[in-house]
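A.B. asks: Following this message is one structure expressed as structure tokens.
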There are 2 protein chains.
Amino acid sequence: MEHSLQPKNYQKVPEPTLRRLPWYLSNVKLLKQRGEHYVSSTQISKEINIDASQIAKDLSYVNISGRTRVGYEVDTLIEVLEDFLGFTGIHKAFLFGVGSLGGALLQDSGLKHFGLEIVAAFDVDPALVGTTLNDIPIYHSDEFVHKMSEYDVQIGVLTVPIEIAQSVTDMMVGGGLKAVWNFTPFRIRVPEHIVVQNTSLYAHLAVMFNRLNFNKIK
Amino acid sequence: MEHSLQPKNYQKVPEPTLRRLPWYLSNVKLLKQRGEHYVSSTQISKEINIDASQIAKDLSYVNISGRTRVGYEVDTLIEVLEDFLGFTGIHKAFLFGVGSLGGALLQDSGLKHFGLEIVAAFDVDPALVGTTLNDIPIYHSDEFVHKMSEYDVQIGVLTVPIEIAQSVTDMMVGGGLKAVWNFTPFRIRVPEHIVVQNTSLYAHLAVMFNRLNFNKIK
């Protein structure tokens, strides 16, 4: 009966739920700033235009219970949500490919507030290897396996050119990384047990451009 | 019968299709590098593990026709896809909020290769206003409406703190911007005719952390 002791955040929460929870979190943070002490799903619903029943359902995955007519206690909800989403922990990551986007991500210290700390980066460019960016050391890619034993890292951020996206992914997985945050527009293949999140800025741009064109001629 | 003359890329293409097309594009680019002159949807399918019929259907939105048994001509397919996705055009944008992520995006010159050029940024921090980052001028937010008449801009990139995400959005829309690329974890509200793309890095992190935890105890 081990599974009954399983913490709630170890459940496989549906991806749409996980994508909506940060919306609730930021909204509740805002309500707190406005001086609210309690918040109901109906209240969040009005603010962000999502069904209250959907919000209640999403929040049922989280270890928190609201009080009838009063709702959720704001401070507790923020704390529990941040914890549930993994934003309070520190998840160390390596970044692969210190090009334009990779370099930009190294400089985005904001990720740390959401639980991700990039502790080292890898590239093959002699002009970059041995330097640091935002205090993050850049090593030669050949040093990756060695550095895996030095740092306790599970996540790899992929910002390499598409030509080597798959081969670098294979190297990452072979070296023991468990998750790939893929920023390339390339659809990488990984073994089943490896977690992949695709964040293609370019795909989002394509959608935005198409919609803009469409609105123009409508 | 005006609509029969409507260019194909002015159709409202389904969002999932628009998100998959960049995968095909990067894959075809790779095949070109390997020396291929023709590519079929079956071939792309094998490479990226998406149904060939789905690929053919997605590509039917694009102005290109394949030849039986031979497939699509690689150079033409790349050209047509890049054009269709809007990556060959220049879409000028303003960025709002030169914090950690905003500053990082200003430094990512890679966006230009995909059709987005951030021409100016806005902030209220006196230490930033009047300076440039990656040659991009940073103005005070109060100057936004004035700058709208100076630059030909339709897109606003939103990287402000969540507390002001909605009010800055309202200002952007009021000033005449037609699309908001929202990087905040806040769910902004806009009038119906305004295009919104949400790119929440934090939501992606949340999914990744949850899946990692889940795999650990599985």
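The values are calculated or read from the model by the stated rules, or taken from the named source; none is laboratory data. Not measured: the values here are computed from a predicted model. No Cβ is skipped: glycine too gets one built from the backbone with ideal geometry, and neighbour counts run over all protein chains shown. Calculation scope for accessible area: heavy atoms of the full protein, side chains included, ligands and nucleic acids excluded. Shrake-Rupley method; radii C 1.70, N 1.55, O 1.52, S 1.80 Å.
A.B. asks: For chain A, give the share of DSSP beta bridges that are antiparallel, in percent and rounded to the nearest 5; count only bridges with both residues there.
C.D. replies: Bridges in chain A that DSSP calls antiparallel: roughly 20 percent.
A.B. asks: Now, a different point. Any idea which of A:54, A:151, A:114 is furthest toward the positive side of the dipole for chain A, if Lys and Arg beta-carbons carry +1 and Asp and Glu beta-carbons -1?
C.D. replies: Of A:54, A:151, A:114, it is A:54.
A.B. asks: Nearest 5 is fine: what % of DSSP beta bridges in the protein assembly as shown come out antiparallel, could you say? Numbers along the way, then the final one.
C.D. replies: Working: 10 of 52 bridges.
Approximately 20 percent, going by the DSSP bridge assignments.
A.B. asks: Can you list the lysines whose alpha carbon sits under 17 Å from that of residue A:57, skipping same-chain ones fewer than 8 residues off?
C.D. replies: A:8, A:12, A:46
A.B. asks: Loop-only chymotrypsin sites (Phe, Trp or Tyr not before Pro) in region A:151-203, please: DSSP not H, G, I, E or B, and at most 15 other Cβ atoms within 10 Å.
C.D. replies: A:151
A.B. asks: Further question: Taking a ≥ b ≥ c as the square roots of the Cα gyration tensor eigenvalues, with a/c under 1.5 meaning rounded and otherwise prolate when a/b beats b/c, else oblate, which class fits region B:3-84?
C.D. replies: Prolate is the answer for region B:3-84, as a/c is 1.5 or above and a/b outweighs b/c.
A.B. asks: Now a separate question. At 1.4 Å probe size, with no ligands or nucleic acids counted, give the accessible surface of residue A:163 in Å², nearest ten.
C.D. replies: Accessible surface of residue A:163 is approximately 90 Å².
A.B. asks: Can you tell me the convex hull volume per residue for chain A, based on C-alpha atoms, in Å³ to the nearest whole number?
C.D. replies: 183 Å³
A.B. asks: For region A:90-142, what is Rg from Cα atoms divided by 2.2 N^0.38 Å, rounded to two decimals? Before the final figure, lay out each step's value.
C.D. replies: Details: Rg = 10.4 Å, N = 53, 2.2 N^0.38 = 9.9 Å.
The value comes to 1.05.
A.B. asks: With Rg and the Kirkwood Rh both taken from Cα atoms, where does Rg over Rh land for the protein assembly as shown?
C.D. replies: We get a ratio of 0.97 for the protein assembly as shown.
A.B. asks: Within 10 Å of each Cβ in peptide A:162-170, how many partner chain Cβ atoms are there on average? Round it to a whole number, please.
C.D. replies: 2
A.B. asks: Here is a further query. Grab the residue from chain A whose Cβ hugs the A-to-B rotation axis most tightly, plus its distance in whole angstrom.
C.D. replies: Residue of A nearest the axis onto B, distance in Å: A:104, 2.
A.B. asks: What dipole magnitude, in Debye to the nearest 20, does region B:91-203 give about its Cα centre under +1 on Lys/Arg Cβ and -1 on Asp/Glu Cβ? The partial results should precede the final answer.
C.D. replies: Working: 6 positive and 12 negative charges, 68 e Å.
With Lys and Arg at +1 and Asp and Glu at -1, about 320 debye.
A.B. asks: Can you list the distances in nanometres, one decimal and ascending, from the residue A:75 label point to the identical position in each other copy, with the point 7 Å along Cα to Cβ?
C.D. replies: Counterpart label points of residue A:75 in the remaining copies fall at 6.8 nm.
A.B. asks: Hey, what angle do you get for helix A:165-174 against the long axis of chain A, alpha-carbon based, 0 to 90 degrees rounded to 10?
C.D. replies: Between helix and principal axis, roughly 80 degrees.
A.B. asks: Using only alpha-carbon positions, what ratio does the radius of gyration of region B:91-203 give when scaled by 2.2 N^0.38 Å?
C.D. replies: Normalised Rg, Cα atoms only: 0.96.
A.B. asks: Once both axes come from the Cα atoms, what is the angle between helix B:15-33 and the longest principal axis of chain B, in degrees from 0 to 90, rounded to 10?
C.D. replies: 60 degrees
A.B. asks: Here's something else I'd like to know. If each DSSP helix of 4+ residues adds -39,500 (n - 2.57) and the sum is divided by the residues in chain B, what number results at 222 nm, nearest 500 deg cm²/dmol?
C.D. replies: On the way: 8 runs with 89 residues, N = 218.
Computed mean residue ellipticity for chain B: -12500 deg cm²/dmol.
A.B. asks: Can you compute the modelled spin-label distance between residue A:152 and residue A:15, with each label point 7 Å from Cα toward Cβ, in nm?
C.D. replies: Taking the simple label geometry, residue A:152 and residue A:15 are separated by 3.0 nm.
A.B. asks: Follow-up question, since we're still on this one. Put +1 on the Cβ of every Lys and Arg and -1 on every Asp and Glu Cβ in region B:91-203; which of B:130, B:162, B:141 then has its Cα farthest towards the positive end of the dipole?
C.D. replies: Among B:130, B:162, B:141, the one farthest towards the positive end of the dipole of region B:91-203 is B:162.
A.B. asks: Per residue of B:81-91, how many C-beta atoms from partner chains lie within 10 Å of its own C-beta, taken as a mean?
C.D. replies: 3
A.B. asks: How large is the convex hull of the C-alpha atoms of region A:142-195 per residue, in Å³?
C.D. replies: 74 Å³
A.B. asks: What net charge is computed for the residues neighbouring residue B:111, neighbours being all others with C-beta under 12 Å from the C-beta of residue B:111, Lys and Arg scored +1, Asp and Glu -1?
C.D. replies: Once positives and negatives cancel, what remains is 0.
A.B. asks: Moving to a separate point now. Can you pull the accessible area of residue B:142 for me, 1.4 Å probe, Å² to the nearest 10?
C.D. replies: 130 Å²
A.B. asks: While we're on this one: Would you mind telling me which residue in B:116, B:106, B:128 has the biggest mean-square fluctuation in a Gaussian network model of chain B, where springs connect alpha carbons within a distance under 10 angstrom?
C.D. replies: Sorting by GNM fluctuation, first place goes to B:128.
A.B. asks: Moving on. Tabulate in residue order the Karplus-calculated ³J(HN,Hα) for region B:141-151, using 6.51 cos²θ - 1.76 cosθ + 1.60 with θ = phi - 60°, rounded to whole Hz; enter x for Gly and Pro.
C.D. replies: Ordered by residue, 3J(HN,Hα) equals 3, 4, 8, 3, 4, 4, 5, 4, 7, 8, 10 Hz.
A.B. asks: In degrees from 0 to 90, rounded to the nearest 10, what is the angle of the helix B:201-217 Cα long axis to the longest principal axis of chain B?
C.D. replies: 60 degrees
A.B. asks: Between residue A:189 and residue B:109, with labels modelled 7 Å along Cα→Cβ, what's the label distance in nm to one decimal, could you check?
C.D. replies: 3.5 nm
A.B. asks: Using a Gaussian network model of chain B with C-alpha springs under 10 Å, which one of B:109, B:53, B:141 is most mobile by mean-square fluctuation?
C.D. replies: Highest fluctuation among the options: B:53.
A.B. asks: Compute the distance from the alpha-carbon center of region A:71-107 to that of region A:179-211, in whole Å.
C.D. replies: First find each Cα centre; the distance between them is then 18 Å.
A.B. asks: While we're here: What's the magnitude of the charge dipole for region B:46-109 around its Cα centre, counting Lys and Arg as +1 and Asp and Glu as -1 at the beta-carbon? Answer in Debye, nearest 20.
C.D. replies: With Lys and Arg at +1 and Asp and Glu at -1, about 140 debye.
A.B. asks: Over all residues in A:181-189, what is the mean tally of Cβ atoms on other chains that come within 10 Å of each residue's Cβ?
C.D. replies: Going residue by residue through A:181-189 and averaging, the value is 5.
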